[in-house]
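Worksheet: the structure to be examined is printed underneath.
What follows draws every value from the coordinates through simple rules; no lab data is involved. In this text the structure is predicted, and so the values were computed from the model without any measurement. Positions of Cβ are generated from backbone atoms using ideal geometry, with glycine treated the same way; all protein chains shown enter the neighbour counts.
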Amino acid sequence: MTRRFDIGPIVLGLGSILVLVALFLSWYGSLSAWDTFELADVLLAALAVAAIVAAVGLLTPDADYLDRRAVPWVVGATLVLVAAQVLNPPPAAGGRDLEIGAWLAFGGSIAMVIGALLSLARVSFAVAVEGRDRRQRVAAVDNRPPPTESGAPVSRSSSSLLHPQPEESEGT
């Protein structure tokens with residue numbers, strides 16, 4: 001049995017989780033996104049949660065709470081918002097350098113774009129899942145007598161198998 005997994009929603013979900021986690025890490029110096037931004041942090045959190053819901057809906061059609069046509073808009077808004085905060089820091093950042101949280105959010109938003117493109121293109125990978133095939137017993141193999149060591153050990157010959165010596169004929 002072959003089972004197909006859509007890779008797009010998985011990448012989309014992982015990217016949105018990365019953006020959500022990055023909000024709690026330091027973006028500018030020791031300030032997290034929650035300390036630095038006024039409205040962008042709430043928008044990024046809402047967009048990341050919406051992308052997670054969309055990814056779950058794309059994986060399992062029974063949990064389709066967000067229309068798949070909204071996925072590019074959610075992902076695009078996340079990328080634009082993160083890129084704007086990376087390129088133009090807010091006044092609360094006070095000229096501090098970018099830290100790991102900003103870069104993880106940027107990478108997560110790019111992963112979300114890749115996941116959205118893969119899900120719209122319906123790229124998937126297939127895994128062959130088969131049940132374990134039990135070995136069948138063959139009567140000829142089961143009824144063999146046990147091996148014995150009744151023979152004498154084989155002596156080693158001095159002649160090589162690659163260069164055998166010619167045998168002498170009896171008539172000459």
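Computed over neighbours whose Cβ is under 12 Å from that of residue 36, the net charge equals -3, Lys and Arg +1, Asp and Glu -1. Dividing the C-alpha radius of gyration of the stretch 2-128 by 2.2 N^0.38 Å, with N its residue count, gives 1.12.
Quick check: residue separation of residue 39 and residue 128 times 0.36 nm, minus the Cα distance between them. What number comes out in nm? Going from the current span to full extension adds 27.4 nm.
In the stretch 44-88, whose amide N lies under 19 Å from the spot 7 Å out along Cα-to-Cβ of residue 117? List them in ranges. Label zone hits: 55, 69-84. Other residues lying with their Cβ under 11 Å from the Cβ of residue 90 contribute a combined charge of -2, Lys and Arg counting +1, Asp and Glu -1.
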